[in-house]
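Enquirer: Encoded as structure tokens, here's the structure I'll be asking about.
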Amino acid sequence: MKWVLALLTVFGVFGFSWAVPMPKNHEGFFDPSLLRIEEEKYLGKQIADVEFTDEQGNTHRLLDYIKGHPTALILGYYTCDSACPLIIKNAIEASKNIGKDFRGIVLSFDKEDTLRDLQEFKKKLGIPSSSRWTFGIMKEEDIKRLSGSLGYRFFYSRQDRVFVHPNVIMFIDPEGKVSRYLYGISPKETDFRIALAEAETFRITKNTIVDIAFMVCYKYDPNTGKYGLNPVVLFAIAGFGLGGFTLAYAIIKRTKEVQP
């Protein structure tokens with residue numbers, strides 16, 4: 001049972017639920033479909049305005065903290081030694097070259113996590129204090145309110161002493177509404193950039209022109225939870241290319257015909 005839960009944690013519900021069918025109503029087995037986020041219910045919805053405490057011991061209201069900024073939010077726990085370090089480290093890496101002013105926030109859903117756990121977690125991953133990402137802990141009531149408003153569910157196995165949870169980065173717009181769920185433990189910079197641009201709701205700045213170009217060329221695929229090349233754009237580019245080639249060929253042929 002322990003290895004099943006560990007794999008679920010590492011690969012996430014979307015990558016593993018189909019591979020290991022879990023019997024329902026059977027003691028000792030876990031149904032991974034319980035972790036599936038019903039996106040249609042939460043996209044565009046306001047997240048809960050909870051309190052969190054950062055590593056310096058300062059308390060913040062979440063909506064005040066992200067107000068005016070597109071935000072990438074990760075829920076995890078600081079005693080995790082499998083998926084959480086991977087998704088957090090990779091998210092920080094994917095966002096390091098993004099010039100826009102955004103908020104990156106990691107909050108623990110483990111009510112037992114302390115500021116010491118947070119600090120040890122950052123130290124273990126080698127995350128400097130100057131990182132653009134803010135780490136924090138919450139009280140149990142706030143954990144329930146925030147996770148509930150995001151449709152994010154997690155379960156604790158006392159026998160195996162691990163949490164089972166979705167591996168997902170949640171993007172929040174500057175008004176505090178959910179704009180995108182990006183799944184997996186290895187987000188790409190392109191995916192991260194597009195998701196932030198979507199969260200920014202087309203507030204055009206010199207740093208977002210390139211991002212909007214990415215948004216035109218890429219399309220979100222709800223089946224994979226990632227972005228892929230937009231086939232409409234690909235066909236349009238192919239069409240323009242073929243048209244340009246045909247025009248050039250016609251001009252060259254015409255030039256040769258009129259030459260003596």
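The values are calculated or read from the model by the stated rules, or taken from the named source; none is laboratory data. On a predicted model such as this, the values are computed, not experimentally measured, just so you know. So basically every Cβ, Gly included, is an ideal-geometry build from the backbone, and we count neighbours across all protein chains shown. The accessibility values were calculated without ligands, DNA or RNA, using every heavy atom of the protein model including side chains. Shrake-Rupley method; radii C 1.70, N 1.55, O 1.52, S 1.80 Å.
Enquirer: Taking a probe of 1.4 Å, how large is the accessible area per residue of segment 38-90, in Å²?
Expert: I get 45 Å² per residue for this part.
Enquirer: For segment 34-75, with all protein chains present and a 1.4 Å probe, just round the carbon and sulfur fraction of the accessible area to a whole percent.
Expert: Ligands and nucleic acids excluded, carbon and sulfur reach 44 percent.
Enquirer: Something else about it: Taking a threshold of 25 Å on the Cα-Cα distance, which of the pairs Lys41/Lys144; Lys45/Lys124; Lys122/Lys188 fall above it?
Expert: Lys45/Lys124
Enquirer: So what is the relative contact order for segment 132-185, in percent, with contacts set as C-alpha pairs under 8 Å and at least six apart? Spell out each step's value before the answer.
Expert: On the way: 42 pairs, mean separation 11.0, N = 54.
Relative CO of segment 132-185 lands at 20 percent.
Enquirer: Could you calculate the FRET efficiency of Arg132 with Arg61 from 1/(1 + (r/R0)^6), where r is the beta carbon distance between them and R0 is 22 Å, rounded to 0.05?
Expert: Working from the Cβ atoms, E equals 0.65.
Enquirer: Looking at the square roots a ≥ b ≥ c of the eigenvalues of the Cα gyration tensor of segment 108-208, which shape do they give, rounded for a/c under 1.5, prolate if a/b is larger than b/c, or oblate?
Expert: prolate
Enquirer: Considering the dipole of segment 23-138 built from charges on the beta carbon (Lys and Arg +1, Asp and Glu -1) around the Cα centre, which of Cys80, Phe121, Gly68 is farthest to its positive end?
Expert: Gly68
Enquirer: Could you check what % of the DSSP bridge pairs in segment 26-183 are antiparallel, to the nearest 5? Let's see the in-between values first.
Expert: Details: 18 of 28 bridges.
Of those bridges, close to 65 percent are antiparallel.
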